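The values are calculated or read from the model by the stated rules, or taken from the named source; none is laboratory data. A quick note: this is a predicted structure, and the numbers were derived from the prediction, not measured. Neighbour counts run over all protein chains shown; Cβ positions are idealised from the backbone, glycine included.
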Amino acid sequence: MTKGGRAYSLTCYTRFEVVPFYMPPNTTRILVVPPETASPSSSPAPDSSSTSAAKRSKLRRIVALSVSIVAALVLVMACVIISIKIRISGRIPFQSMIGKQYNKPVDKIEELLGNYGSMAPKRYKFSYLKKITKTFAEKLGEGGYGMVYKGTLSDGHPVAVKFLHDMIGNGEEFVNEVISIRRTSHVNVVTLLGFCLEGPKRALVYDYMPNGSLDRFIYADNSKETLGWDKLYEIAAGIARGLEYLHRGCNTRIIHFDVKPQNILLDQDFVPKIADFGLAKLCNPKESYLLSMTGLRGTVGFIAPEVFSRRFGTVSTKSDVYSFGMVLLEMVGGRRNLRASVERESEVYFPDWVHDHLAQFGSLHSLDLGSGETEETAKKMASIGLWCIQIWPASRPTMSKVIEMFDKSADQVGIPPKQFLYSHISDDSGEQQNETSSYEERN
């Protein structure tokens, strides 16, 4: 009895079985006997040749298995090495095979620098900067963006090297900002000579300013005797010209965001140089008084109201005008604008004190200014400062107007309404803003 099946229809008949049931003509049937059913007499006796063949077959299988294992290990190791290289360099290998061009970040940076030719800042190695600063031997200062050390280039040129920390963004963004800083050229803006970019290590190389920063002089007990009012006035006017250049004179409008005495450097002739502009975009400072780009930007005491609250207006170049006004008033007073250590409460906030004296007495005689010329200089600087620190940005002059104010007399400049951040602020901001006149409206 066979095993199979049959299927019928009107036009078709199908049959299948496990053994042949149809033999075409001229064919030969071959009978295959299973090993277990074969008789002992029909099995060939094993000999040496068949044993050798079995051994060779087994050996080939072992060799093939070993080669496969070794090849798999090599492939895994190659993948690991390639992954590490991709992570380090940022480049995808075999770019010609996949038909796309992927460049290393370092290639993009070199291309950026090459596009600017001689205008591009020089790139220094970190080891070289460490060497010229004698392993950070002479510290010049420290701020939210990093530490500054004195160094000497191979040609004997003295420099200040600022080693940055807490950088955000990639190397390409850093170089773009460095190039924008390098392209600035003004007598009152610090000159960037070069930079360093090696992974997380980043630094900026500036001309060395032998007289340090402005805060060393204006907060000293004998600041007026050391510099004199005429020199203070020249420094103030120079800072104004430098800011006006950043706002209007260079290719890209630059808002400093951190104008303060520590960021005003003085050369051998006490010519002021604005430093650290552009770094607010790149750094995320640790110090609590310096705030990141995700929140506030600047230093408490110099931050414009609109920077920490949009209720006061939109952040713009007028934000730097506010900071400049605070610097100007600190230069006049020789002290910080907000100081709780004074004996009389009326002197806690210096801008209020200055406004009261100018409004009531028309002078600043309590500052022991001396001659009438000195009194005129101090009064004009204070009046300009008061205009600059008006709460509403629209009420403040532009830096171009500020420069014009330096060429006028104190009486021509006048004083603004008393409306400062430390004073009482009405809840109805729109109404109060309408009551506050700007310098342009008055002049």
Original post:
In segment 243-260, which residues are of a type outside the set (A, V, I, L, M), in contact with a strand residue (DSSP E or B) (Cβ under 8 Å, 6 or more places away or on another chain) and surrounded by 24 or more Cβ atoms within 10 Å (Cβ to Cβ)?
Top reply: 256, 258
**OP:** Residue by residue through segment 345-375, note down the ones that are of a type in the set (Val, Ile, Thr) and at pLDDT 70 or above.
**Re:** 354, 374
**OP:** Search segment 315-332 for residues being assigned to a helix (DSSP H, G or I) and hydroxyl-bearing (Ser, Thr, Tyr), and hand back the single one that is surrounded by the fewest Cβ atoms within 10 Å (Cβ to Cβ).
**Re:** 317
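Against the definition (of a type in the set (Gly, Ala, Ser) and modelled with pLDDT of 85 or more), how does residue 378 come out, yes or no?
So residue 378 fits the description; yes.
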Original post:
Tell me, which residue of segment 154-169 that is under 18 Å from residue 127 (Cβ atoms) and surrounded by 18 or more Cβ atoms within 10 Å (Cβ to Cβ) is modelled with the lowest pLDDT?
Top reply: 164
Subject >> Single match in 185, 127, 154 (criterion: polar (S, T, N, Q), outside the structural domain of residue 275 (by TED's automatic domain parsing) and in a helix (DSSP H, G or I)) >> reply: 127
Subject >> Breaking point among (1) modelled with pLDDT of 85 or more; (2) assigned to a strand (DSSP E or B), for residue 142 >> reply: (1)
Original post:
Can you find a residue in segment 275-286 that is in contact with a Lys or Arg (Cβ under 8 Å, 6 or more places away or on another chain), among the aliphatic types (A, V, I, L, M) and modelled with pLDDT under 80?
Top reply: yes
Subject >> segment 104-138, subset over 13 Å from residue 197 (Cα atoms), surrounded by 13 or more Cβ atoms within 10 Å (Cβ to Cβ) and among the aliphatic types (A, V, I, L, M), residue modelled with the lowest pLDDT >> reply: 112
